[in-house]
Amino acid sequence: MWPALPTAQRSGEDLGRATARVQQAINDTGKPPDRVNVTMRGQVEPMAEMFGGLRLGLLMAVGVILLLLTANFQSFRLSLAVGLTIPAVIAGVVLMLWLTRTTLNIQSFMGAIMAIGVAVANAILLVTFAERSRIEGREPWEAAIEGARSRLRPILMTSFAMLVGMVPMALGLGEGGEQSAPLGRAVIGGLLGATCATLVILPAILATLQSRHAPISASLDPDDPYSRYFEPAQRFGSVSDRGNARAEHHVRAAE
């Protein structure tokens, strides 16, 4: 049996929508006869593989970020507060793509990942300073406001610098500019949503999560003066004891 290879060229429509329409038409025809297989070839398979890899990479990146933040802050609550800025990035990307009538493609997916990285970095900056203020004795809401106030300028400078840099790319000017325009638009939308969420919503979330907990550092490091396991007297005593033991050892060796 010779294979039948119908071909077509898409015009005025992106590959994802064209693939969905072709697949819907295949499904509407019903089950194929025996010993007949219907498959789509061309750019469909590479596109599906790339999107699958990007989705898996994004999920793994979010999971690894949460684990690293938990290890860094030694508190799951603080890592969760930082991770809650990621939905704001995704919402900003989706809204910007919808307003500009841009499809979700490889470029916009990469732009979303870039925006998530910048948003998480800004959130870590704010949470670190807010938690430091809380441990020093301030109320949780005062510490959250102080963290947002003290880090307002660095966060805005970082976000606006990247936004301005992405404007020419988002406009798609010049030859071949439309190919990279989705990346710039996704970054702009994600950063706008992330900046608003970091400076407005994140302090409220942080104050709510930390309101019922004592102002004690979650650190397990015995050298951290804010840690509950910090015991300077015993540590200094142990150091002196080891020094005395070494001195006695040298005296006996000299004798």
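Bear in mind these aren't lab numbers, they're just calculated from the coordinates by the rules spelled out. No experiment lies behind these values; they were computed from the predicted model shown. Note that each Cβ is placed from the backbone with ideal geometry, even for glycine, and that neighbours are counted across all protein chains shown.
A few points about this structure:
- Any chance N105 is within 14 Å of T198 (Cα to Cα), in contact (Cβ under 8 Å) with a residue 60 or more places away in the chain and polar (S, T, N, Q): no
- Within segment 19-41, tally of residues that are in contact with a helix residue (DSSP H, G or I) (Cβ under 8 Å, 6 or more places away or on another chain) and farther than 22 Å from T103 by Cβ: 1
- Total residues in segment 122-148, condition assigned to a helix (DSSP H, G or I) and either at positive phi or surrounded by fewer than 14 Cβ atoms within 10 Å (Cβ to Cβ) (or both): 0
- Residue satisfying all of: in segment 160-184; of a type in the set (G, A, S) and in a helix (DSSP H, G or I); nearest to S211 (Cα to Cα) among these: A161
- M157 vs. criteria of a type outside the set (D, E), assigned to a helix (DSSP H, G or I) and either in contact with a Lys or Arg (Cβ under 6 Å, 6 or more places away or on another chain) or closer than 14 Å to G190 by Cβ (or both): no
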